[in-house]
Amino acid sequence: MIGSRLMKSAAGRRLLSTSKFTLPDLSYGYGELEPVISGTIMQLHHSKHHAAYVTNLNIAAAKLEEALHKNDVTGIVAAQQAIKFNGGGHVNHTIFWKNLAPPSKGGGEPPSGELKTLIDNQYGNLDNFIAKMSAATVAVQGSGWGWLGYDKVNSKLSIVATTNQDPLEASVGLVPLLGIDVWEHAYYLDYKNVRADYVKNIWKIVNWHDVAERLKAAK
């Protein structure tokens, strides 16, 4: 059995038994993204929602280890589903925090270099790109994310939306460069049900330097 072989290997045991995912620190204070995102939302979003994904990811990883040890296929499948959701939540939010920055730390400064060139070549200019990505993000049905991803096969940018906490690269094969969280917990206290206003304002604090570094790493 695959599970048995994995657990019998030293690498497999190390991979599962030493995995302990942690909540990343932010490079800015909870209140530094105001007025675009309030300190109250940031504190709840990071210390409660993201923290819950991390906690549940560690629980799911432990259950997967146990299920693999027992060759329990049902348990393996259940754990994998929990890992996809909570692991996706952890991955997505870890990117999201770094994709943002207060204006005092470069947030909102327009992209330059290769990233700007790609945006201009594919979308005409930054304003056109923002309009297209905003439309795709606002249109997400229910909970999900709007993404700018990099297609390594075709060496191009791509705007896509994902549902729930599905991680971009694992779901559609694009390297995530910029993500916008449109779960209601990301904006409801500030913007109520007007998602479009939240998406419109978030561009004021996008950390384009981080997006450019992700593009560089993807290539």
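The values are calculated or read from the model by the stated rules, or taken from the named source; none is laboratory data. As the structure is a computational prediction, the values presented were derived from the model and not from experiment. Neighbour counts run over all protein chains shown; Cβ positions are idealised from the backbone, glycine included. We work out accessible area using only protein heavy atoms, side chains counted, and drop any ligands, DNA or RNA first. Shrake-Rupley method; radii C 1.70, N 1.55, O 1.52, S 1.80 Å.
Quick notes on this one:
- Taking all protein chains into account, the per residue accessible area for the chain stands at 51 Å² (1.4 Å probe).
- Computed lengthening from residue 52 to residue 66, 0.36 nm per intervening residue step minus Cα-Cα distance: 2.9 nm
- The fraction of accessible area contributed by carbon and sulfur in the range 66-219 is 52 percent, rounded to a whole number (1.4 Å probe; ligands and nucleic acids excluded).
- Accessible surface of residue 104 - all protein chains present, 1.4 Å probe, nearest 10 Å²: 100 Å²
- Where 117, 162 fall by accessible area, highest first, once all protein chains stay in place (1.4 Å): 117, 162
- Nearest-20 debye value, the chain charge dipole, Cβ charges on Lys, Arg, Asp, Glu: 700 debye
- The chain, relative contact order in percent, only Cα pairs under 8 angstrom and at least six apart counted: 22 percent
- Between residue 151 and residue 219, the contour length at 0.36 nm per residue exceeds the alpha carbon distance by 23.5 nm.
- With each label modelled as a point 7 angstrom along the Cα→C-beta vector, the residue 40-residue 163 pair spans 3.2 nm.
- Here the Kirkwood formula puts the hydrodynamic radius of the range 51-106 at 12.4 Å, using every distinct Cα pair.
- Modelled label reach - residue 143, point 7 Å along Cα→Cβ, the range 60-75 residues with backbone N closer than 20 Å: 60-61
- Placing pseudo-labels 7 Å out from each Cα toward the beta carbon at residue 109 and residue 204 gives an inter-label distance of 1.9 nm.
- Förster radius 30 Å - calculated FRET efficiency between residue 193 and residue 170, Cβ distance, rounded to 0.05: 0.50
- Legend: distances between Cα atoms for 48/216; 48/105; 98/200; 98/152; 63/152; 84/200; pairs beyond 27 Å are 48/216; 63/152; 84/200.
- For the range 49-205, the fraction of alpha-carbon pairs in successive 5 Å shells from zero, as %: 2, 9, 15, 19, 19, 14, 9, 6, 4, 3, 1, 0
- Using a Förster distance of 35 Å, the FRET efficiency for residue 78-residue 27 (Cβ separation, nearest 0.05): 0.45
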